[in-house]
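What follows is a single structure, written as C-alpha cells, with notes after it.
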Amino acid sequence: MVNATEPRLYCVPRPADTSRTTASPPDGAPPGPWTIASAYRWCERMVSSHYENFPVASRFLPSHLRPHVAAIYAFARTADDFADEPRFEGRRTEALDAWEQLLEDCYHHDVGHPVFVALRDTVRRHNIPIGPLKALLTAFRMDQTKHRYATFSELVHYCEHSANPVGQLVLYVHDHREPDLHRFSNEICSALQIANFLQDLSVDIPRGRVYIPEEDLVHFGVGHEDLLSQRMNEEIRELVRFEVSRVRSMFHKGYPLVRRVSPGLSMELEATWRGGMAILDRIESLNFATLNERPTLERTDFANIAVRSLFSFGRRLLRGEA
C-alpha cells in the first residue's frame, strides 16, 4: 500500500536503454507523433466517453489540473479494459505486462503513446511516485484469478490496490502529501469500490465474481447457490442491508478529507462522496434487491449531487471552513 510518506521518485530524463525495446502499445492507440497537448486531449476524450458513478476531472477542479487527472484516469481506465473487456480475452496478462513496461519506461524516457506522453508530463510536474500506478496494475492482475474473499479485511486489501491508489494520485496532483489526508482518502475510495460491488451484484455473480466476504455469507446464512439463483430472500436482503450500512460508515469516516483540501478539490470530493452515497440510497430504495436489478444514477441524480455539493461548499465558505 502506498502512503503519503512514500519517498518521492523524480522522473529524471535519461537516454533510452538500447538493450531493452520499449513495449508495443497493447490497446491499438494510433501512432504518433504526439505532442503533450494532443496527448492530453486524447485522455480527456476518454474521460468524456466513459460512464462513471463519480465525476472525473469535472468543472469543479481548477482548469490547469483537469488534464492531469484525465491522464491518470486514462491510464487506469485502459488497464481496467485489459482486465475486463471481452476483446482482450486470451491476452489480458500480456496486455497488462506491456502496459506496466510502458509505465516504467515513461518514468525514464519519452514513450510514443498518448496516455504515457500525458502521464509522463503529469508525474514530472507533480512529483508523483510510481507506486500507486503499479498498485493499480496489481489489482487488475488479481482480478484474473481471485474472485472470492474470505474476510472483509481481505476485501479491503484488494481495495488498497484497486481503489485507494486513485485517491492517492489525485491528492498528489493537488500537492497534498499529508498522511492523515491519505488515510481519509483511503476510506472514501474503499467505500466507493465496495459500493460499486454492491451495485453490480446482478452482473458480477453470474460471472463468478463474489465481492461479499465469505464470513458475511456464513453469518447471514446465505449460500453461493442462493446468490447464483438470483432469487431474493430475506437472508440476502439483510446481508446487503448490512453491507450498505458498513460502507456508509466508511464514507462518513473519510468525509473529513472534504473539509481539509484545496477548494477546487473539496468540491470535487464532495460530489464524489455524494455520488457514492447516492448509489447506496438507490440500493436501499430497491429494498436491497440488487441481485435482480443494477441500480444506476440518472442525469437528475447527477444534477442533484452537483447542486447539493455547491450548497455544502457555500456553507463551509461562509463559515470560513473552505
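Values quoted throughout were computed directly from the atomic coordinates according to the rules given, and no laboratory measurement underlies them. Here the structure is a predicted model, which means the values were calculated and not measured. Cβ placement follows ideal geometry from the backbone for every residue including glycine, while neighbour counts extend to all protein chains displayed.
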_the range 32-133, dipole about Cα centre (Lys/Arg Cβ +1, Asp/Glu Cβ -1), debye to the nearest 20_ = 540 debye
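State, as an integer percentage, the relative contact order of the range 146-322 based on alpha-carbon contacts under 8 Å between residues 6 or more apart.
For the range 146-322, the relative contact order is 26 percent.
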*Is the range 85-203 rounded, prolate or oblate when judged by the Cα gyration tensor, a ≥ b ≥ c being the square roots of its eigenvalues, rounded requiring a/c under 1.5 and prolate requiring a/b larger than b/c?*
oblate
*Taking the Cβ of THR151 as the centre, find all other residues whose Cβ is under 10 Å away and add up their charges (Lys, Arg: +1; Asp, Glu: -1).*
-4
*Using +1 on the beta carbon of Lys and Arg, -1 on that of Asp and Glu, and nothing else charged, what's the dipole of the range 145-277 about the Cα centre, debye to 20?*
300 debye
*Based on the mean of other beta carbon atoms within 10 Å per residue, what is the order of 28-37, 80-89, 157-166, most packed first?*
157-166, 80-89, 28-37
*Set Lys and Arg Cβ to +1 and Asp and Glu Cβ to -1, take the dipole of the range 146-322 about its Cα centre, and tell me which of ALA191, ILE205, VAL170 lies farthest positive.*
VAL170
*Would you kindly derive the ³J(HN,Hα) couplings of the range 31-36 from the backbone phi angles with the Karplus curve 6.51 cos²θ - 1.76 cosθ + 1.60 (θ = phi - 60°), listing them in order in whole Hz, with x for Gly and Pro?*
x, x, x, 10, 8, 4
*Once phi is turned into θ = phi - 60°, what whole-Hz ³J(HN,Hα) does the Karplus curve with 6.51, -1.76 and 1.60 give for every residue of the range 216-227, x standing for Gly and Pro?*
6, 4, 5, 4, 9, x, 10, x, 5, 5, 5, 5
*Once you have a ≥ b ≥ c as the square roots of the Cα gyration tensor eigenvalues for the range 92-155, tell me rounded if a/c is under 1.5, and otherwise prolate or oblate according to whether a/b is larger than b/c.*
oblate
*Taking the Cα centre of the range 80-198 as origin and charging only Cβ (+1 Lys, Arg; -1 Asp, Glu), how large is the dipole, in debye to the nearest 20?*
100 debye
_In Å and on Cα atoms, what radius of gyration and Dmax does the range 178-295 show?_
15.5, 48
_Placed amide H near TYR149: partners under 5 Å, 5+ positions off or other chain_ = GLU214
_Please list, by residue number, everything in the range 190-207 whose backbone N is under 20 Å from a paramagnetic label point 7 Å out along Cα→Cβ of SER153._
190-191, 194
*Options ILE283, VAL244, TRP273, ranked by Cα towards positive dipole end of the range 217-292, top entry (Cβ charges)*: TRP273
*Put +1 on the Cβ of each Lys and Arg and -1 on the Cβ of each Asp and Glu in the range 32-133; which of HIS113, LEU103, ILE36 then has its Cα farthest toward the positive end of the dipole?*
ILE36
*Measuring from label point to label point, each 7 Å out along Cα→Cβ, what is the ARG177 to HIS224 span in nm?*
4.6 nm
